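Here the structure comes first, spelled out in C-alpha cells, and everything after it is commentary.
The values are calculated or read from the model by the stated rules, or taken from the named source; none is laboratory data. Since the structure is predicted, the reported quantities are computational estimates derived from the model, not experimental observations. When we count neighbours, we look across all protein chains shown, and the Cβ atoms used for this are built from the backbone with ideal geometry, even at glycine.
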Amino acid sequence: MEKPILIREDGLRHDGRKPDELRPIKMDVGILKNADGSAYVEYGGTKVIAAVYGPREVYPRHLALPDRALIRCRYHMASFSTSDRKSPAPSRREIELSKVIREALEAVVFTELYPRTTIDVFIEVLQADGGTRTAGLTAASLALADAGIPMKDLIAGVAVGKIDGVIVLDIDEVEDEFGEADMPIGYAAGIEEIVLLQLNGVLTREEFNKALELAKRGAEQIYKLMKETLHKKYLKVLSE
Amino acid sequence: MKLRILVADRQIVRPGDLLAEIEDSTEHLEERIIPEKHIYIKNKKIYSDTIGLATITDNDVQVIPLEGVYFPKKDDIVIGLVVGVGITNWIIDIRAPYKAILNGSEVIEGFNPIQHDLRDYLDIGEYVLAKITIFDRTRDPVLTIKGKGLGKITEGAIIEVKPSRIARIIGKKGSMLNLLTTKTGCNITVAQNGIIWARCPDNNKLDVLVKAIKRIEEKAHMRGLTEEIRLFLEKELGEKREK
C-alpha cells in the first residue's frame, strides 16, 4: 500500500477530522448477562468488548496474594478483527498489551480490600482500526465500575500521534501505519493521574508536551462520556 | 470536621465523583479509604469509590453501592449451598469470594468423625440458613447454625438477587419487607448474601412475590419505591382474587 495523504491541503486529516478531533465514540455498559460487569466501546471503526468477573476465588490456588486481590487481564484480538485473519493464539503484542492494561488498572483499583481473590478482566477486540489498547482500557475501566469494584477513578484511554509533522488526537490505523509517532495514554481525569503512557516513534520535547496536553484534553472528553454512560444505565430503568 | 457537601441525597454517583470537601480541618489528612462507606479521602476532598447512591446524614456522606459481590461480615445471616463434604466439615458456597466452612460439631452433638458420616446430615446441593461467626479476611469464613431459626432449609423457595439490593428489599426499618410479608402472607427470610427464602401459602402468592422482588432489584435506585411496590402487589393480588 502506498502512503496516502494524511494531512490534506485544507489542514484536515484523511477522514475529514480536525487535528484535535476525536472519532465518533459509542459506549454501553451491562451488555453481558453472565459477567459481573461488562462494557462495549467504539472509537470510530475500533470496536471492543470488555467483561469483568470478581472479586472471586483464585484458581489455581497458589496464585492468590495474601494481602490484596490479583488482577488478571487478557487483551485479545478476535481472528476476524483485522483484514487478514489473525491467529487466535496470544501473540507477543497481545501479551504486552495485557500487561500494560493490567498495570494501568492496578493503579486505580483498591485491591487491598479483597485479599486472596482475583479480578479477571477480559478485553476482546471485535474490529481493529487503530487505538485498540486505549479503547480496550476505556472498556475495561467501565466494566470494572459496572461490576461495582471499588476504585479511585475511571480511566479514559486515548492515543495521540504525529503525522506529517502535525500532532493529532485519536489516530486510526492508517495514521498509525504511515505516521511518525504514536503515543497511547491512559488518563484518570478526576484525580489527574496518568496510568499508561507508551510512545512509539520520535517526538521532540516540545512536541511531547504538546501531544500530552492534547491527549489529556481528549481523554477528558472521553471521561465525561464514560460517566454519562454509567449514569444512563440506571436512568433507562427508571424511564421504562 | 465540617463538610461542604456537593451532591444531592440519593444522587447516582460513580467512581471518582467528588462528594464533599472538608472545610475546617487544618491538619494534613493523608489519603485513606473508608471501605464500609465506599468513599476515599484525598487532599481534603471526599470521593466515591463505586457506582451507587450518595446518602447524606447530618454532616456525613456515604455511598450505598448499586453493584458488587457479597463480602462476608461477622454476624451476617447468610443462606449457603452445600458444595462439598469433608471428614469434619462442610464446604458452603455463600456467593462470596471465599468458600465458607461449617464444622460437623455445629450440627451433630458429640460429633465424632469415626462414628458419623456428614452426608447423613447435610448433603451436596442442600441449602442452609447460617450465621457467620468468624471472619477476618486472612482465613475463610466459619459458619454456625446454632441460633433461632437457623439450620437446613427443607421447604419453600429460594430467590437469588444481587447482594447490593438486600438493603432495599428490607427497606428503611424493615418497611419494604413488612409490606411484602403482610400483602402476600409469605414467610420471608432475607439473607445478607442476596438469597431470599420464602415460604408461601400457595404458588400464586409466590409468583407475585418473585415478581415484586425482581422489580425492587431492577429499580433499587428509584424514589418512592415502597409505594410503587404496594400498588403493584395490590393490583396483582387483586386480579388473582377476581379470577
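Is it the case that A:Leu225 is surrounded by fewer than 21 Cβ atoms within 10 Å (Cβ to Cβ), at pLDDT 95 or above and part of a strand (DSSP E or B)? I'd like the intermediate steps shown before the answer.
Working: surrounded by fewer than 21 Cβ atoms within 10 Å (Cβ to Cβ): yes; at pLDDT 95 or above: yes; part of a strand (DSSP E or B): no.
No, not satisfied.
Checking B:Glu217 against (1) loosely packed, with under 15 Cβ neighbours inside 10 Å; (2) within 12 Å of chain A (Cβ to nearest Cβ), which test does it fail?
(1)
Tell me which of these B:Thr88 doesn't satisfy, since it passes every other one: (1) within 14 Å of another protein chain (Cβ to nearest Cβ); (2) over 26 Å from the mean Cα position of the chain (by Cα); (3) hydroxyl-bearing (Ser, Thr, Tyr).
(1)
From the list A:Ala156, A:Ala181, A:Ala189, pick out the single residue that is more than 22 Å from A:Ala78 (Cα to Cα), of a type in the set (Gly, Ala, Ser) and within 11 Å of the chain's Cα centre (by Cα).
Details: A:Ala181 fails: within 11 Å of the chain's Cα centre (by Cα); A:Ala189 fails: within 11 Å of the chain's Cα centre (by Cα).
After applying the criteria, what remains is A:Ala156.
Pull up region B:19-47, narrow it to residues that are surrounded by fewer than 14 Cβ atoms within 10 Å (Cβ to Cβ) and within 12 Å of another protein chain (Cβ to nearest Cβ), then point me to the one that is modelled with the lowest pLDDT.
Checked region B:19-47; the qualifying residue modelled with the lowest pLDDT is B:Glu31.
Go through region A:151-195 and report how many residues are buried (at least 21 other Cβ atoms within 10 Å of the Cβ) and in a helix (DSSP H, G or I).
Total satisfying the criteria: 1.
Residues in region A:47-82 that are under 18 Å from the mean Cα position of the chain (by Cα) and surrounded by fewer than 19 Cβ atoms within 10 Å (Cβ to Cβ): how many?
Residues that pass the stated criteria total 4.
Filter region B:156-169 for residues that are assigned to a helix (DSSP H, G or I) and crowded, with 17+ Cβ neighbours inside 10 Å and give the result. Talk me through it step by step, then tell me what you get.
Kept after step one, since they are assigned to a helix (DSSP H, G or I), are these residues of region B:156-169: B:163-169.
Hits for region B:156-169 are B:Pro163, B:Ser164, B:Arg165, B:Ile166, B:Arg168, B:Ile169.
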